[in-house]
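Accompanying notes for the structure given below.
Quick note: the coordinates plus some simple rules give every number you see, no bench work behind them. What you see is a predicted model, and the numbers here were worked out from it, not measured in a lab. Backbone-built Cβ (ideal geometry, glycine too); neighbour counts: all protein chains shown.
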Amino acid sequence: MPQTNAVPQVLRAFFDAHPRLALAFSGGTDSAYLLYAARACGCDVGAFYVQSAFQPAFERRDALRLAEQVGATVNVVTLDVLASEAVRANPADRCYHCKRAIFAALIDAARAMGYDAIMDGTNASDDAGDRPGMRALEEMNVLSPLRLCGITKARLREYSRQAGLFTWNKPAYACLATRIPTGTPITEAALRRVAGAEEALFEMGFSDLRVRLFHGAARLQLPGAQLAAALEKREGIRAALAPWFDTVLLDLKDR
């Protein structure tokens with residue numbers, strides 16, 4: 001059982017007041033720490049992972065690995081997110097419509113298992129003004145304990161490090177839909193191209209990256225420290241991404 005020494009008093013008080021909760025669990029740093037903290041505080045927490053075309057395979061692997069580390073079980077909810085025309089059309093507020101679809105599925109699954117309340121990993125560093133998806137969370141009464149308790153991204157990373165969670169320094173990873181330009185309809189084929197290209201780059205040793213669609217080409221965004229390596233390995237990158245893209249462009253701006 002996880003120990004409470006990496007959980008601040010304010011968060012322990014939250015779980016004392018909410019002893020039974022479902023968790024929208026992505027396997028990222030925020031929700032991973034929240035799962036750890038909930039279990040450390042004796043909360044009856046159910047972890048629910050949504051599998052859709054927007055999540056790459058490694059996210060599910062990380063989610064299952066983290067859950068095993070803290071002794072939790074993950075309930076996988078399969079969702080055809082592209083069934084929503086509002087999501088598929090990819091408008092500027094796509095994230096709002098996507099969150100509505102995802103949390104509707106999560107809430108249904110959680111209620112079927114006896115959970116009446118659900119929480120997510122939004123933290124105090126997340127800017128509500130820049131995240132239309134947060135409006136959907138408010139409308140659906142999703143609790144965000146990290147944000148409510150004033151716990152920032154930097155602080156929860158430190159708590160995660162103290163707890164020994166491998167996700168403590170995991171880079172933030174936005175869903176695959178963000179690789180498609182706003183206004184361009186999202187297709188499963190486009191998502192598979194992006195996911196395949198990013199997985200190939202991960203296997204080459206690159207990290208914290210994005211492969212964005214740009215007029216049919218792949219536009220690579222890498223941290224500044226990896227740009228020199230990308231130039232040195234440009235032929236290898238072209239070969240690795242050839243199954244998905246004929247043209248590969250390197251964005252020289254630091255991601």
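Can you list the residues, at least 5 places off or on another chain, whose amide H is less than 5 Å from the amide H of I118, using H built in the peptide plane?
Those lying under 5 Å, H to H, from I118 are A22, L143.
Work out, step by step, the length gained on full extension between Q9 and A217: first 0.36 nm times the residue separation, then minus their alpha carbon distance; give nm to one decimal.
On the way: separation 208, 0.36 × 208 = 74.88 nm, distance 4.94 nm.
Length gained, Q9 through A217: 69.9 nm.
How big is the charge dipole of the chain about its Cα centre, in debye rounded to the nearest 20, if each Lys and Arg gets +1 on its Cβ and each Asp and Glu gets -1 on its Cβ? Write out the running numbers ahead of the final one.
Numbers: 30 positive and 28 negative charges, 61 e Å.
Charge dipole, the chain, about its Cα centre: 300 debye, nearest 20.
Taking 0.36 nm per residue of sequence separation and subtracting the Cα-Cα distance, how much length would be gained by fully extending the chain between A239 and R135, in nm to one decimal? Please list the in-between numbers first.
Numbers: separation 104, 0.36 × 104 = 37.44 nm, distance 4.20 nm.
Between A239 and R135, full extension yields 33.2 nm more.
So, R0 is 35 Å and r is the distance between the beta-carbons of T152 and M113; what FRET efficiency does that work out to, to 0.05? Walk me through the numbers on the way to the answer.
Details: r = 31 Å, r/R0 = 0.90.
Efficiency computed from Cβ-Cβ geometry: 0.65.
Across 10 Å bins from the origin, how do the percents of Cα pairs in the stretch 84-129 run, short distances first?
Values per bin, smallest distances first: 23, 39, 34, 4.
Enter the angle in degrees (range 0 to 90, nearest 10) between the Cα long axis of helix 57-70 and the first principal axis of the Cα atoms of the chain, meaning the one along which they spread out most.
30
Quick one: Cα centre-to-centre distance for the stretch 154-194 and the stretch 58-132, in angstrom?
12
Select from G27, G183, G42 the residue whose mean-square fluctuation is largest in a Gaussian network model of the chain (Cα-Cα springs shorter than 10 Å).
The residue with the greatest mean-square fluctuation here is G183.
Between A229 and E199, how high is the FRET efficiency from 1/(1 + (r/R0)^6) when r is the Cβ-Cβ distance and R₀ = 25 Å? Nearest 0.05. Display every interim value, and only then the final one.
Values: r = 18 Å, r/R0 = 0.71.
It comes to 0.90.
Per DSSP H run of n ≥ 4, the term is -39500 (n - 2.57); total these for the chain, divide by its residue number, and report the mean residue ellipticity at 222 nm rounded to 500 deg cm²/dmol.
Values: 11 runs with 111 residues, N = 255.
Result for the chain, helices only: -13000 deg cm²/dmol.
Which whole-number percent is the relative contact order of the chain (Cα, under 8 Å, 6+ apart)?
On the way: 425 pairs, mean separation 45.9, N = 255.
About 18 percent, as a whole number.
Stretch E68-D80 to full length: gain in nm at 0.36 nm per residue minus the Cα-Cα span? Walk me through the numbers on the way to the answer.
Working: separation 12, 0.36 × 12 = 4.32 nm, distance 2.63 nm.
Net length gain for the segment: 1.7 nm.
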